[in-house]
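> One structure follows; several queries about it will come next.
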Amino acid sequence: MCSISASKDKEVLLKLIELNRYRGEESHSVTTYLHQEDCEEGCDGFHLKTQLKQYGPLNVESLDGEWDYCVVHQQAPTSKEVNNTDLATGRFIHPAQKEKSYLWHNGIIKEGKFEGDWDTEWLFDQTLNESLSEVDGTFACMLNHDNDMFIFRNEISPLFKDGSSFS
């Protein structure tokens, strides 16, 4: 199991993190974004500031600092057996990354119904190829693609949204 909590408001984010802590604390990630408007390259939207991936429970002090939006993923991994290199690099700690796009996934893809070592990487490919109808399992996801944030789920997965906050 795992959880995704995201918000512009640190107090709301702290409440969501605490409510979802029971879903897993084996690893976590904290991804912060800053909002930028009208920069020289014509950018507008949220741009990655920092990303921290660690094993063990989340230390809420890692949420300190300046940010405009923050995504926290707490995890009890359901991926296949990992080796020492995967452990050392935190390969299976969310989000999965493809170039400058990121996917956080809460749910389980049924065993044998995905290719590769990590269901989240496979789901990311399905998302980018717009073929989610092939997915057999549960998913509630957050996607940052081209500096835009998207949230989506299948019909059997819970997803809670209140303004800019997501869980």
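The values are calculated or read from the model by the stated rules, or taken from the named source; none is laboratory data. In this text, all values refer to a predicted model and were calculated from it rather than measured experimentally. Here Cβ is always computed from backbone atoms with ideal geometry, including for glycine, and neighbour counts include all displayed protein chains. Remember, those area values only see protein heavy atoms, side chains included, never the ligands or the DNA or RNA. Shrake-Rupley method; radii C 1.70, N 1.55, O 1.52, S 1.80 Å.
> How many residues are surrounded by 13 or more Cβ atoms within 10 Å (Cβ to Cβ), free of Cβ contacts under 8 Å to residues at least 40 places away in the same chain and on the phi > 0 side of the Ramachandran plot if we restrict to the range 118-167?
So the answer is 1.
> Taking the stated definitions as given, is Q97 without any contact (Cβ under 8 Å) to a residue 12 or more places away in the chain and either in a helix (DSSP H, G or I) or in contact with a Gly (Cβ under 8 Å, 6 or more places away or on another chain) (or both)?
Answer is no for this residue.
> Can you spot a residue in the range 103-115 that is at pLDDT 90 or above and part of a helix (DSSP H, G or I)?
No.
> Output the qualifying pairs, or none if there are none: Cβ atoms under 7 angstrom, residues six or more apart or on different chains, first residue in the range 51-70 and under 15 Å from P95 (Cβ atoms), second residue of a type in the set (D, E, K, R) and open to solvent by 80 Å² or more (accessible area, probe 1.4 Å).
Y69/K8
> Tally the residues that are at pLDDT below 90 and out of contact with any Cys (no Cβ under 7 Å at 6 or more places or on another chain), restricting the search to the range 22-53.
Counting residues in the range 22-53 that are at pLDDT below 90 and out of contact with any Cys (no Cβ under 7 Å at 6 or more places or on another chain) gives 17.
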